[in-house]
Amino acid sequence: MGTGIRTSRRQARDHAEYWSQPQAGALTYVALGDSAGVGVGVDDPQHGYVGLLAQRLAEATAQPVRTVNLCVSGARARDVLDKQMPQLDALAAPDFVTCVVGGNDVAWSPIFRPHEFGHTMHAIAARLPQGSVMGFVPHFMHWPYTGRARRANLGIAAAATANGHAIADLHAATTRLSIAGYLRTFAGDLFHPNELGHALWADALWDPLSHRATAAG
């Protein structure tokens, strides 16, 4: 466990440096979120769900894709609103946007307040480009986090629906696995997804994202 945590911290630092390097491309994909978006859980940031989605977008559109990864390890919904959204606002209109946040709100808040979380998600959704993809919080396997995750996802669903965004059901994708199967998707820190987990997340996000990729291709 201690080794897993140290590895995650190293990955968070190294991957943030990787994503900070400028990229070029005919199309732009912007990712907002937390450490999973940074790619923590895998040694190669391109094997995180953001990197996997960028590769799929390039293949589906037959065009080079510039990835602007605004995700920050430890980010909660409020951090996305206050720190990442202004960076998104400063960009020219991106072609694809994903926003996956809430896991840290669920896991690390001493008291989880669904109303406040939902209000923040509505504020985020109102500023996202039309047709963005918002991801649900994945399955948390034990009390009280299972209930927190469900309430968080109700807030995400309401925010996405009210603002015309697509939903990626990471919760269903992880809930349908057996306990043993789900545990095989975790990195050594037992919190972040490993390569199998990131591929699972990418599959769930690709389902709604692929429709925009088809239109852009």
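The values are calculated or read from the model by the stated rules, or taken from the named source; none is laboratory data. Source: prediction; values computed, not measured. Virtual Cβ from ideal backbone geometry, glycine too; neighbours counted across all protein chains shown.
Which pairs have Cβ atoms under 7 Å, sit 6 or more apart or on different chains, and link a residue in region 179-207 that is in contact (Cβ under 8 Å) with a residue 60 or more places away in the chain to one that is in a helix (DSSP H, G or I) and among the charged types (D, E, K, R)?
Between residues of region 179-207 that are in contact (Cβ under 8 Å) with a residue 60 or more places away in the chain and residues that are in a helix (DSSP H, G or I) and among the charged types (D, E, K, R), the close pairs are W206/R56.
For region 96-115, which positions are among the charged types (D, E, K, R) and outside any helix (DSSP H, G or I)? Outline the logic, then answer.
At the first step, the residues of region 96-115 found to be among the charged types (D, E, K, R) are 105, 113.
If the condition is that a residue be among the charged types (D, E, K, R) and outside any helix (DSSP H, G or I), then R113 is the only one that fits.
Given the structure, is V72 in a loop (DSSP other than H, G, I, E, B) and surrounded by fewer than 24 Cβ atoms within 10 Å (Cβ to Cβ)?
When the stated conditions are applied, V72 passes them.
Is one or more of the residues making up region 22-41 among the aromatic types (F, W, Y), on the phi < 0 side of the Ramachandran plot and surrounded by fewer than 16 Cβ atoms within 10 Å (Cβ to Cβ)?
No, region 22-41 contains no residue that is among the aromatic types (F, W, Y), on the phi < 0 side of the Ramachandran plot and surrounded by fewer than 16 Cβ atoms within 10 Å (Cβ to Cβ).
Output the helices (runs of 4 or more DSSP H) that fall wholly within region 169-217 and possess 1 or more residues being under 13 Å from the mean Cα position of the chain (by Cα) and closer than 27 Å to A158 by Cβ, or say none.
In region 169-217, 170-175, 195-216 are the helices (runs of 4 or more DSSP H) which contain 1 or more residues that are under 13 Å from the mean Cα position of the chain (by Cα) and closer than 27 Å to A158 by Cβ.
Would you pick out the residues in region 147-182 that are of a type outside the set (A, V, I, L, M) and surrounded by 14 or more Cβ atoms within 10 Å (Cβ to Cβ)? Lay out the reasoning, then the answer.
Pass one, region 147-182, residues of a type outside the set (A, V, I, L, M): 147-148, 150-151, 153, 155, 161, 163-165, 169, 171, 174-176, 178, 181-182.
Answer for region 147-182, where residues must be of a type outside the set (A, V, I, L, M) and surrounded by 14 or more Cβ atoms within 10 Å (Cβ to Cβ): R148, R150, R151, N153, G155, N163, H165, D169, H171, T174, T175, Y182.
Please find, among R78, R151, the residue that is closer than 30 Å to Y18 by Cα, in contact with a helix residue (DSSP H, G or I) (Cβ under 6 Å, 6 or more places away or on another chain) and at pLDDT 95 or above.
From the options R78, R151, the qualifying one is R78.
Given the residues G188, G197, G135, G103, which is the only one that is modelled with pLDDT under 95 and within 25 Å of L52 (Cα to Cα)?
Of G188, G197, G135, G103, the one residue that is modelled with pLDDT under 95 and within 25 Å of L52 (Cα to Cα) is G188.
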